[in-house]
Amino acid sequence: MLTKTLENIGAKVMGALAQAGDFAVLSGRTFRAIFKKPFDGASLLHQFNAIGVNSIPVIVLTSLAVSAVFAVQLAFGFRQFQAEGMASGVEGLAIVRELAPVIVGLMMAGRVGSAMAAELGTMQVTEQIDALECLATDPIHYLFVPRLIAGAIMVPLLTALGIYVGFWGGRMILVGVEGQSAFVYSEGFYQLLSARDFRIAMIKGLTFGIIIALVGCWRGYRAQGGAEGVGNAPTSSVVTSSLWILVMDFFITKLLLV
Amino acid sequence: MEPVIDVVNLSKAFGPKVVLSNVNLQVQEGESLVVLGGSGTGKTVLLRNIMGLLTPDQGHVAVEGRIIHQLKREELFETRQKIGMCFQMAALFDSMSVEENVGFALTRHTTMTRAQIAERVDECLGLVGLKDTNKLRTSELSGGMKRRVGFARAIALKPKILLFDEPTTGLDPVMTDVIGRIILDLKAELGVTSITITHDLKSAFEIADRIALIFRGECIACESPDDFRKNPHPVVQQFLRGDADGPFLQDPPPPKRALARAHHKQHINI
Ligand SMILES: Nc1ncnc2c1ncn2[C@@H]1O[C@H](COP(=O)(O)OP(=O)(O)OP(=O)(O)O)[C@@H](O)[C@H]1O
Ligand SMILES: [Mg+2]
């Protein structure tokens, strides 16, 4: 009984290690393939569109909702000890440092990471990836690289958009509903922030974009076994990349915010 | 002379299931080899080993003297540029149009201009009787059309080696003959070396310089069409007759209707 359990745990650990190793190898190959020829501009442009432009509505809506509800909470909380003036500063701090990067990261993991996994998974089980290989095209270079580049550029940009929209979401509540002065809000929003905080937000966006693209491509590329395999790829890519986004968020914050 | 494709002692198993055991095949330059064999005997697995999509358990495949599974990825891609492969299920890129599918390798591996590529694509599509389908999406094609687009994609780069995995299955008899002729033309004009897997005996005898038969993971015959016809091996003869009775199937087939009825009567009479 006990040995059986130990055996199972051992097998699980070995499996997880093998997966991690596989992911590391494929990631390494992707980074090395970035500068290989031929450069595929059309595909990159397509990914910029799919990852970046098409995500704008989702990011605007979620950032607006999260920043507004956070402002409501702050206004309520600070009113308890007559410190409503603090609300805008804390709102800015929270949005720039945590809310915008993490919310954008998680939304993008759900929106584009899963799409990548589904697309590559379908290509894998219908032999299209084998066909690429046979046409002397490295699937890593042809499929992974444009998605990685687009993710690494677009997720930070969308994070910036999230911050901008978050500013207006907070203003909507604190100025529009709570009746604070617009000038005080604008001043207060940036009061507790420095340039470093924006830099960290961009670093988070970059990291999350890379995680989303690599995990999405990897899960799709390794899909096998028909419809069920293709169905599992997006789910596991969202779970895996969300988890890593939260873990990396902690470490980036802990390391850079000294 | 060194063979262009040299399959040496090739063995491949998936888990406990042995698919190929100790297969040896040589294809000389400009030769057309046809591979026959029952469904599920490992013909596709053989081609995938030649392309380097699978790694052999034992033995090796050498193309132009280079052992495929030992090549670095760059070298492998170099070799693959000389090989055209036509997949059993076509494996077309479904996010692209017919034209983009056929021109894919041309766009990536040559310095041809757009106009030249378009011309070559038209030429290839014309060969397989698919003029004016350039702009269609692959989801708008019938099964046979997909197969022919796959065929056109494989020959677009004018490779010296062609591997066809059942290029004519699902095509009408006329189109089957057309594909057979294209393969013969490619051989005559460009000296193409080819391996064709087919279940169609008529076109097999037309295009083959040699015919190989794979049976239970082994290559039991590999000889010229005339010798193949005369081969006394019971499996070969059964395959040529297309008869269900014989050593070919592992499980005995259901009896034929007439026989079954006779058998039934006998029982009743007794
Ligand atoms: N990736 C794989 N994993 C496990 N088994 C496989 C795999 N690929 C092929 N096989 C097995 O290998 C055997 C041979 O398959 P293969 O596709 O080569 O058959 P085939 O000769 O091409 O048949 P057909 O004429 O029907 O296309 C089959 O029994 C199949 O179950
Ligand atoms: Mg097959």
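The values are calculated or read from the model by the stated rules, or taken from the named source; none is laboratory data. Everything numeric here is computed off the predicted structure, so don't read it as measured data. As a convention, Cβ positions derive from the backbone with ideal geometry for all residues, glycine included, and neighbour counts pool all protein chains shown. For accessibility, only protein heavy atoms count, side chains too; no ligands or nucleic acids. Shrake-Rupley method; radii C 1.70, N 1.55, O 1.52, S 1.80 Å.
Some values worked out for this structure:
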read-out	value
Evaluated at q = 0.10, 0.13 Å⁻¹: base-10 log I(q)/I(0), Debye formula over Cα of the protein assembly as shown	-0.90, -1.23
Proximal aspartates and glutamates relative to A:LYS36, as straight alpha-carbon distance under 13 Å, when same-chain residues fewer than 8 apart are discounted	A:ASP138, B:GLU74
Accessible surface ranking that places the most exposed of B:ASP122, B:ASP243 first, with a 1.4 angstrom probe	B:ASP122, B:ASP243
Dipole axis of the protein assembly as shown (+1 Lys, Arg; -1 Asp, Glu on Cβ), positive-most option in B:CYS222, A:THR62, B:GLY40	A:THR62
Net charge contributed by nearby residues that have their C-beta within less than 13 Å of B:ARG137 (K/R +1, D/E -1)	-2
Karplus 3J(HN,Hα) series, Hz, for segment A:99-106 with 6.51 cos²θ - 1.76 cosθ + 1.60 (x for Gly, Pro)	4, 4, x, 6, 4, 4, x, 5
Percent accessible area from carbon and sulfur atoms, segment A:193-258, protein chains only, probe 1.4 Å	72 percent
Among B:GLN116, B:ILE197, B:LEU76 the positive-end extreme of the charge dipole of chain B (Cβ point charges)	B:ILE197
1.4 Å probe accessible area per residue over chain A, in Å²	48 Å²
Other-chain or far-sequence residues with amide H under 5 Å of B:GLN58's (modelled H)	B:SER11
Residues with amide H under 5 Å from that of B:MET85, placed H, sequence gap 5 or more	B:LEU163
Positive minus negative residues near B:GLN250 (Lys, Arg vs Asp, Glu; Cβ under 15 Å)	-1
Area hidden from solvent between A and B (accessible, protein heavy atoms only, 1.4 Å, total, Å²)	1900 Å²
Amide proton proximity set for B:GLU218, modelled H, under 5 Å, gap of 5+	B:SER21
Buried on assembly, segment A:132-150 (at least 20 Å² less accessible surface than by itself, 1.4 Å probe)	A:LEU132, A:GLU133, A:CYS134, A:LEU135, A:ALA136, A:THR137, A:ASP138, A:TYR142
Heavy-atom accessible surface of segment B:153-216: percent carbon and sulfur, 1.4 Å	57 percent
Surface share of carbon and sulfur [accessible, 1.4 angstrom probe, percent] for segment B:91-131	51 percent
3J(HN,Hα) from dihedral phi, segment B:39-44, Karplus parametrisation 6.51/-1.76/1.60, rounded to Hz, x for glycine, proline	5, x, 8, x, 5, 5
Within segment A:25-104, trypsin sites (Lys or Arg not before Pro) in DSSP loop having at most 16 other beta-carbon neighbours inside 10 Å	A:LYS36
Local net charge near B:ASP122, Cβ-Cβ under 13 Å (Lys/Arg +1, Asp/Glu -1)	0
Whole-number percent relative contact order across chain B, with pairs defined as alpha carbons under 8 Å at least 6 apart	23 percent
Eligible lysines near A:LYS254 by straight Cα distance, threshold 23 Å, same-chain separation 8 or greater	A:LYS204
Point-charge dipole on Cβ atoms (K/R +1, D/E -1) for segment A:40-256, about Cα centre, debye to 20	480 debye
J(HN,Hα) series, segment A:124-134, from Karplus relation 6.51 cos²θ - 1.76 cosθ + 1.60, nearest Hz, glycine and proline x	5, 6, 9, 6, 5, 6, 4, 5, 4, 4, 5
